[in-house]
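Report on the following structure.
The values are calculated or read from the model by the stated rules, or taken from the named source; none is laboratory data. Nothing here was measured: the structure is a model prediction, and the numbers come from that model. Ideal geometry is used to build each Cβ from the backbone, glycine not excepted, and the neighbour counts take in all protein chains shown. SASA here: full protein model, heavy atoms, side chains in, ligands and nucleic acids out. Shrake-Rupley method; radii C 1.70, N 1.55, O 1.52, S 1.80 Å.
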Amino acid sequence: MTDTSVDPPRTPRRSPAGAAEAPRPAARRGHRPGTTRPDDGNATAATRPAGTRPTTARPAEGATGAARQVPSVPSTPSATGRPAPGAAGVAGSAGPTGADLHLDLPATGSRRSALMDALREAIRSGRLAPGTRLPPYRALAADLGIARNTAADAYAELVAEGWLTARQGSGTTVAERAEPVPPTRARRSSRPPRPAHDLRQGQPDAAAFPRTAWLAAGRRALTAAPNEAFGPGDPQGRRELREVLADYLARARGVRTDPDRIVVCSGFAHALRLLFDGPRAVLPARTAGSLAVEGYGLAFHRGLLAAAGATTRPLPLDEHGARVGGLTEDPEIRTALLTPAHQFPTGGPLHPGRRAAVVDWARGRGGLVLEDDYDGEFRYDRQPVGALQGLDPERVVYLGTASKSLSPALRLGWMVLPDHLVDRVLAAKGEREAWASALDQLTLAEFIDSGGYDRHVRRMRRRYRDRRDRLVGALAEHAPHIEVTGIAAGLHAVLRLAPGTERSVLKAAAYRGLVLDGLADYRHPLLAAEAMPATDGLVVGYATPPDHAYPAALEALCAILPPPL
């Protein structure tokens with residue numbers, strides 16, 4: 001059956017006065033009795049004034065996608081409804097693909113049948129869900145390079161078959177599915193179920209993120225941002241952020257720097273990768289020698305360093321922090337990674353004498369100290385200890401992030417570098433910023449500059465201090481034999497347990513739906529027992545639960561603690 005899509009031209013009749021009379025509306029070819037012609041969102045032929053035709057294809061009100069102009073290459077449909085040579089979808093080329101509605105039609109064959117088959121398949125497969133509004137048939141015809149009548153007839157046929165529904169003034173939508181989608185096999189989630197009580201360390205209270213203040217800072221930052229801020233990112237980071245960071249770190253942490261020595265990164269792990277991993281690593285493992293780390297720390301960081309080829313040597317710990325005297329005993333060690341303000345996870349600060357000793361070691365050996373200042377703002381018993389970097393900015397790389405103070409979701413950190421390392425770190429990052437969003441950088445810069453960051457840190461310092469006090473109070477009441485070690489600082493505490501009880505306590509916690517870590521998970525596998533005996537303990541993240549869930553988490557924690565021996 002031939003698909004006739006174009007009306008033959010008509011010669012206007014003349015009125016008795018000799019004036020041209022408007023041609024009568026042409027009969028709709030291909031329209032079958034009993035079917036509903038799809039609504040194109042414009043006046044129909046029955047309601048338009050005689051002799052007028054729409055000049056543009058307008059979609060129905062609320063239709064998906066804006067109306068498209070006819071392609072610049074004229075497409076004159078043939079009598080069969082196929083586009084003429086030069087139009088999209090000519091024989092021998094790839095079939096046309098709609099812009100507002102993705103439909104891939106073959107290059108040959110009946111256009112109406114091809115369009116109907118493509119729409120049926122899209123609905124049958126579930127790609128077009130029930131209720132999906134389709135573009136007006138005029139816009140679809142222009143996108144596909146086919147005749148309007150062809151698209152209109154295809155819509156009308158599918159309405160009659162029940163695949164589509166058409167309502168005057170509302171456009172054409174996908175009907176309730178005539179053929180249900182075969183059920184798909186349910187995916188098994190790789191994530192464990194949410195625990196009843198979450199006391200994992202290293203996570204701030206997510207409910208306390210300053211959404212309103214952050215949104216206001218973002219609006220101000222975007223309003224004031226120059227146009228170039230929306231182009232390719234500077235690998236060193238936005239100047240606005242580096243300037244406010246230089247001022248803030250000098251005031252709050254005693255860091256000595258200027259904006260040109262700060263490089264923005266996407267977090268502490270990203271900083272380690274820039275320094276040690278990849279073909280352009282700043283401190284390649286083959287030439288940097290061994291890396292000294294603290295005897296207890298994050299296994300994730302050790303794994304990252306090991307993957308980069310670095311050999312880590314553990315330093316034993318005591319109540320004064322890392323025993324840095326061991327650095328002079330190993331001539332292969334050229335770099336040391338430390339947490340001087342608040343040892344992670346045991347909780348003690350590095351003794352002043354040892355702070356001076358490690359800087360002297362770096363000067364004498366020509367080495368570097370990497371200072372992880374992960375929670376330096378959160379000290380509750382006295383003024384926070386200043387950054388080690390202030391003792392020698394040319395021998396200490398200061399590493400900080402917004403993960404503990406604001407949220408790990410921001411993925412923003414910073415490196416305060418010795419002058420001779422800045423260009424090498426930038427070379428490792430590449431010509432364009434590929435990690436840290438410029439918009440987040442601008443927002444954080446405005447948040448700090450406006451005082452919002454200081455206010456948030458003060459508020460969270462009071463909240464976390466109260467959380468820690470409640471933890472200590474609950475233990476004094478229900479388990480007075482359990483000792484809380486370390487200083488009053490940070491977002492976690494270590495509970496010392498009797499020897500041989502850690503594993504059983506963790507099993508009891510899992511049974512009650514309580515998630516927390518054992519101290520053994522943080523011990524370096526090469527740390528000799530004679531250098532530092534192993535200690536049983538729990539690492540409790542008291543900052544993690546929201547306020548309403550914290551009392552129940554404390555109750556569950558006290559219930560699983562072992563009785564006194």
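Numerical summary
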quantity	calculated
Gyration tensor (alpha-carbon) shape descriptor, the stretch 357-495, a/c threshold 1.5	oblate
Long-range HN-HN contacts of residue 537 with modeled amide H, under 5 Å	497, 519, 520
Where GluC sites (Glu not before Pro) fall in DSSP loop in the stretch 274-331, at most 13 other Cβ within 10 Å	319
Span from the the stretch 373-451 Cα centroid across to the the stretch 132-177 one, whole angstrom	56 Å
Interchain or long-range residues, amide H under 5 Å from residue 283's placed H	276
Accessible heavy-atom area order of 507, 429, highest first, probe of 1.4 Å	507, 429
Summed side-chain charge close to residue 220 - residues other than residue 220 whose Cβ falls under 13 Å, Lys, Arg +1, Asp, Glu -1	-2
Overall form of the stretch 253-351 per C-alpha gyration tensor (a/c, 1.5; a/b vs b/c)	oblate
Per-residue HN-Hα couplings for the stretch 508-523 [Karplus 6.51, -1.76, 1.60; θ = phi - 60°; Hz; x = Gly/Pro]	5, 5, 4, 4, 8, x, 9, 9, 7, 10, x, 5, 4, 5, 9, 6
Residue 170 accessible area, 1.4 Å probe, all protein chains in place, Å² to nearest 10	40 Å²
Loop-resident sites, the stretch 465-565, for GluC sites (Glu not before Pro), counting at most 14 other Cβ within 10 Å (DSSP)	530
Separation in nanometres of the label points that stand 7 Å from Cα toward Cβ, at residue 260 and residue 459	3.8 nm
In the stretch 321-355, trypsin sites (Lys or Arg not before Pro) in a DSSP loop with at most 14 other beta-carbon atoms within 10 Å	none
Amide H contacts under 5 Å for residue 265, placed H, 5+ residues apart	413, 414, 415
